[in-house]
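Read the structure below first, then the notes.
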Amino acid sequence: MRAGPLQSLRRADEIPHPAPKKAHARMASIDTVPRPKKSRPWTSPPAIALVGFTLLAWAALLGPAWMRVIPEAITFPVAQVVGDAINWFARDAKIGGVAFQEMTRGLATLFDYVIDATVVVLAEGLFTGRGLNVTQSVPPLSWLAIGGALVIMGYRFGGRNLALICAVSAGFLVFFGLWENAMVTLASVLVSVILAILLGLALGIWSYRSARIENVTRGVMNVMQTVPIFSYLVPTLLLFGYGPSAALVATVIYALPPMVHNTVLALKSVPTEITECGRMIGCKPRQLLWQVQLPAALGKLAVGMNQSIMMTLNMVIIASMIGAGGLGFDVLSALRKLDIGSGLEAGMGIVALAIILDRLSQAAAHRAAHGTHLKAGQRPLWQLLIAWLIFSTGLALLLTPLQAWPDAWVVSTASFWNAAVTWINREMFDLLEGIRNFALLQVMRPFNDFLGNAPWTLIIGAVAALGYALGGARLALYTTGLALFIVLTGYWGPAMSSVYLITISVSVAIAIGYPIGFWLSSRPRAQEPANFVLDTMQTLPTLVYLLPAVMLFRIGDVSAVIAVILYAIAPAVRYAMIGMAQVPHARLEAAEIAGCTRWQTLIWVRLPAALPTLLIGVNQTIMMAFSMLIIAALVGTKDLGQEVLIALNRSLVGEGIIAGLCVACLALIADGLLKAAAARASSDKKRTAE
Amino acid sequence: MKIKTIATSAAVAAMLAGPALSQAVPESDDTIKIMTGDWTSIGLQGEMMSLILQTVGYNTELVVADDSGRYPGFENGDLHISMETWQTTQLQNLEKSVATGKVLDMGETGLRGVEDWWYPLYMKERCPGLPAWEALKDCAEVFATADTTPNGRYVGGPVSWGDHDEQMVAALDLPFDIVHPGTDAAMFAELKSAYDREAPIVLWVWQPHWVTSVYEGEYVQFPQFELACFEDPAWGPNPDATYDCGKPYGWIKKMAWAGGEEKWPCAYEIVRNYQMDNDTMAALLVEVDLNGRSSTEVATEWLMANDATWKEWASCAM
């Protein structure tokens, strides 16, 4: 793999939030950041917050009962109303005499057509006849043709290394018999990615041009990133019908935010000199945008593209639950019959696709950003590709194994993995059961009971006090408002259950991930394989390791927490690495001269310097953990994720959306508090620097 | 998904070239949407019906829907045909939906659905009173885990499947905690884990399903279901509570959107004529679930081998 500029471009993980640079930029724009005042300690916000919270705690514990148990009178079951409204909107609403549903169904037909056409070319070919009479009339592009084309593109964009990566990934799909379904997945992924990128670009440009629009889109995108996808699946299904196009729309909604955020950022980061120069040579606004600003911003746009691609691939499993076939379906059906080995192989197929798309798109963007001059004697890429497609298709017609890899030649390691799982289950279950019981009975249950029984006013008071201490009155109002939304809609109980799952998972993920990241940061050689492992952890469908977890830790919270931890470790490791890399060398040298031990350097020099990034890392880890709650619900939690899942299964539109918004509220509270904390940490740092 | 094996399809095409299709069929080119769900048999039977209808000229599409969540779709005409509606869990839902007049009861498939609490055979030694349900009261502790002690642990189905386990446990005063997974795969992951170690487990199992052909076990015998059990507290061992009985067992019916009757009359007739039996279905499920073949392949093979049978169902189209 190529190091250097490529590495700095890539980062698939900051889902749902973009890269840390960006986070800093946004942090700076938050106007709730407290200005350090040289005030007396007694009137500083933290002191006021502490006093206020203590008073409230007394009141909550000794005061009237309504302060402890939420009185029914103040909850409003809005789910029904929202559900009815959406049902009306989806079924009866008319715009200019045309039913809204007809428009969306029309769009769905269009999307289906595009997906079908792509599937025909890549995966299935054409058929004549129907039912039992069906025969193939035109085969799809052969694996040789597509695989070869990927390798050629890899070579052109990234040289021998990238060509090798493409060849190995494509070879894996072919030899393991995953090719055809991988192409079905690729077809829908390509269509979603292109749609998400175009829409994201359009919204981003629009936001860049108008500050008012930017405020609106930023708010909407922040909520969209945190509302679990299952909660808007039901409305999507109502509007677009069951099938691939509903999956497509849901995926695009999910993958859109990073593209919008990064487009705005990329355009804002174009140096004014370049824009001015464009103006001076007489560009019209449109020319200025397309021929000057966007090309100049391409490097940063690539970050958004990369994240959209990764998020789309994250959705493959969920999309296959609502009617998109492909590898996601393979994973689901293998796991349903407990063939964990085959599920793992199909899951690795998704990882292989992710790696091809990620590395190719990054290399292409990198090349585009640095000019695309052909070397003397080089033919344009499209000519090469067409020549290859014609040649390989001819070859595949002569030799059928080149068209479709024969079933008899398929390799499988599934039985090995299955045997391994059985062995671990037989030999190590008692040990693991001991761990499970300890974790559940000594740590998780008590914490859950504490949160469940704590007076709600006390918890809201804590949220408000933290908000005030970290970000002043405005942040306190914001977080309290979000928390009250959960109280008023009647989801407090499940929400506390979510808080408990997230707190435990994130604590463990940070406790494991940060030390690993610190360790890796000083070992550049280990970073390449580590990146591969982290990429895999984030694109391998969670269900693949969720079921083995269930076998070993039973249905319930322990398995759920393990699944969330495994998913959330990756951003923790990555932010720890980034944070450490940012520590100024001068300080490290100073520490060395002062005779600090390694441990002292870590505690007194590295950690304080990296603190803002580390806090953002905690924030990202929490966001990732929230996005996993829904998957965790599959193994039987009793939290908001489960509420959303039940609502999805029962087609309860309103309940699904409200429960989903409650998840968003929790995530936004955590996000607001931690960003403010990070902003404080970095302003403290600046002060000390001064 | 489309058929993969070109050779097979060619053979089928040759076999079926014979009959001249009736002029009237299809009465409408609109796509008939056949429901499939998150369990194998409905997918397999849906695939069979889809293949038959396509062969006689209809456009069809398989659409994924939730077992309990399907009714609005059928009432609105978003979904048209379901090959499976189980008396065990969907009895009341189906009755309610048929009462709206927008949904048709298309008759029984001939399959008999069984679902209830199930345990591996080795549990009989540790809880000698089984399969009688009263035995569960005495050996709840055998089924206990650290977090449920002294209660037993019962693995139920996903919440959305609409069981009445909570009510039943209360009505029969069973010392058991119920655990709900979010998906059937998680249930059977626990079963596999326990079975490999001969560890205690009691969970919800249904038939036709591959689990009963792979693992040896039995159902707990609860007081046999009658409709009165769900409606009349006086019925059954607990005079003050409803649901003091096992789950309903019995027919698996086909259902359809009422609006389709006029649109595709012959297709609806074919659906009504369709019949299947448990043994055949169990064998087909093993092919799909354990031997890893696709539903399309298995359905095609069965239809080819039973040419006369399905053509008789489809006589209105011949």
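The values are calculated or read from the model by the stated rules, or taken from the named source; none is laboratory data. Quick caveat: nothing in here was measured; it's all calculated off a predicted structure. Using ideal geometry, Cβ is built from the backbone for each residue, glycine included, and neighbour counts are taken over all protein chains shown.
The figures follow:
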quantity	calculated
Evaluation of B:Tyr119 against (1) farther than 23 Å from A:Leu652 by Cα; (2) buried (at least 22 other Cβ atoms within 10 Å of the Cβ); (3) touching a helix residue (DSSP H, G or I) at 6+ places or on another chain (Cβ under 8 Å); (4) not polar (S, T, N, Q) (one fails), failing number	(3)
From A:Leu488, A:Leu534, residue being crowded, with 21+ Cβ neighbours inside 10 Å and in contact (Cβ under 8 Å) with a residue 60 or more places away in the chain	A:Leu534
Subset of region B:222-243 (residues that are more than 19 Å from B:Val114 (Cβ to Cβ) and touching a helix residue (DSSP H, G or I) at 6+ places or on another chain (Cβ under 7 Å))	B:Trp235, B:Gly236, B:Asn238, B:Ala241, B:Thr242
Residue that is within 13 Å of chain B (Cβ to nearest Cβ), surrounded by fewer than 21 Cβ atoms within 10 Å (Cβ to Cβ) and more than 27 Å from the chain's Cα centre (by Cα), where the choices are A:Val138, A:Val98	A:Val138
Residue among B:Pro265, B:Pro223, B:Pro237, B:Pro233 that alone is without any contact (Cβ under 8 Å) to a residue 24 or more places away in the chain and surrounded by fewer than 22 Cβ atoms within 10 Å (Cβ to Cβ)	B:Pro233
Any chance A:Leu144 is touching a residue at least 24 places away in the same chain (Cβ under 8 Å), surrounded by fewer than 20 Cβ atoms within 10 Å (Cβ to Cβ) and in a helix (DSSP H, G or I)	no
Residue match in region A:97-106 (condition: at pLDDT 80 or above, within 30 Å of A:Ala354 (Cβ to Cβ) and of a type outside the set (Asp, Glu))	yes
Entirely in region B:189-298, the strands (runs of 3 or more DSSP E) that have 2 or more residues that are out of contact with any Gly (no Cβ under 8 Å at 6 or more places or on another chain) and of a type outside the set (S, T, N, Q)	B:217-219, B:250-257
Subset of region A:185-216 [modelled with pLDDT of 90 or more and not in a helix (DSSP H, G or I)]	none
Lone qualifier among A:Arg554, A:Arg574 - being at pLDDT 85 or above, farther than 22 Å from A:Asn314 by Cβ and touching a Lys or Arg at 6+ places or on another chain (Cβ under 8 Å)	A:Arg554
Selection count where residues are assigned to a helix (DSSP H, G or I) and in contact with a helix residue (DSSP H, G or I) (Cβ under 6 Å, 6 or more places away or on another chain), scope region A:582-597	2
Residue count for region A:592-617, restricted to those that are closer than 16 Å to A:Ser522 by Cα and surrounded by 14 or more Cβ atoms within 10 Å (Cβ to Cβ)	7
Extreme residue, nearest to B:Leu79 (Cα to Cα), among residues of region A:222-248 that are within 13 Å of another protein chain (Cβ to nearest Cβ) and small (Gly, Ala, Ser)	A:Gly241
Index of the failed condition, A:Asp92 passing every other in (1) more than 13 Å from chain B (Cβ to nearest Cβ); (2) without any contact (Cβ under 8 Å) to a residue 24 or more places away in the chain	(1)
Residue check for A:Tyr254: outside the structural domain of A:Arg650 (by TED's automatic domain parsing) and within 24 Å of A:Asp330 (Cβ to Cβ)	yes
Flag if A:Leu313 is surrounded by fewer than 23 Cβ atoms within 10 Å (Cβ to Cβ) and either free of Cβ contacts under 8 Å to residues at least 24 places away in the same chain or part of a helix (DSSP H, G or I) (or both)	no
Subset of region A:319-353 that is outside any helix (DSSP H, G or I) and within 8 Å of another protein chain (Cβ to nearest Cβ) - its residue that is surrounded by the most Cβ atoms within 10 Å (Cβ to Cβ)	A:Leu338
Within region B:292-318, tally of residues that are at the interface with chain A (Cβ under 10 Å from one of its Cβ atoms) and surrounded by fewer than 15 Cβ atoms within 10 Å (Cβ to Cβ)	2
Which numbered condition A:Ala368 fails, given (1) in a helix (DSSP H, G or I); (2) surrounded by fewer than 16 Cβ atoms within 10 Å (Cβ to Cβ); (3) within 14 Å of chain B (Cβ to nearest Cβ)	(3)
Condition check for A:Ile562: modelled with pLDDT of 85 or more, within 14 Å of chain B (Cβ to nearest Cβ), over 19 Å from A:Ala678 (Cα atoms) and not in a helix (DSSP H, G or I)	no
Wholly within region B:96-181, helices (runs of 4 or more DSSP H) carrying at least 1 residues that are more than 14 Å from chain A (Cβ to nearest Cβ), in contact with a Gly (Cβ under 9 Å, 6 or more places away or on another chain) and not aliphatic (A, V, I, L, M)	B:135-138
Residue under evaluation B:Asp66, criteria (1) at positive phi; (2) within 14 Å of chain A (Cβ to nearest Cβ), criterion not met	(1)
Residue selected from region A:496-547 under the condition hydrophobic (A, V, I, L, M, F, W, C) and within 14 Å of chain B (Cβ to nearest Cβ), by the criterion farthest from A:Gly328 (Cα to Cα)	A:Leu501
Residue check for B:Leu104: in contact with a Pro (Cβ under 7 Å, 6 or more places away or on another chain) and aliphatic (A, V, I, L, M)	no
Test for B:Ser68: is it in a helix (DSSP H, G or I) and closer than 30 Å to A:Leu338 by Cα	no
Answer residue from region A:427-444, given it is surrounded by 13 or more Cβ atoms within 10 Å (Cβ to Cβ) and charged (D, E, K, R) and is farthest from A:Leu552 (Cα to Cα) among those	A:Arg436
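Yes/no per residue for (1) within 12 Å of chain A (Cβ to nearest Cβ); (2) at pLDDT 90 or above:
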{"position": "B:Trp210", "(1), (2)": "yes, no"}
{"position": "B:Leu227", "(1), (2)": "no, no"}
{"position": "B:Asp232", "(1), (2)": "no, no"}
{"position": "B:Pro248", "(1), (2)": "no, no"}
{"position": "B:Lys253", "(1), (2)": "no, yes"}
{"position": "B:Lys263", "(1), (2)": "no, yes"}
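Residues are listed down the side, and each one gets a yes or a no for (1) of a type outside the set (Phe, Trp, Tyr); (2) out of contact with any Gly (no Cβ under 8 Å at 6 or more places or on another chain); (3) free of Cβ contacts under 8 Å to residues at least 24 places away in the same chain; (4) surrounded by fewer than 24 Cβ atoms within 10 Å (Cβ to Cβ):
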| site | (1), (2), (3), (4) |
| --- | --- |
| A:Leu198 | yes, yes, yes, yes |
| A:Met221 | yes, yes, no, yes |
| A:Ser269 | yes, yes, no, yes |
| A:Gly282 | yes, yes, yes, yes |
| A:Leu294 | yes, yes, no, yes |
| A:Leu301 | yes, yes, no, no |
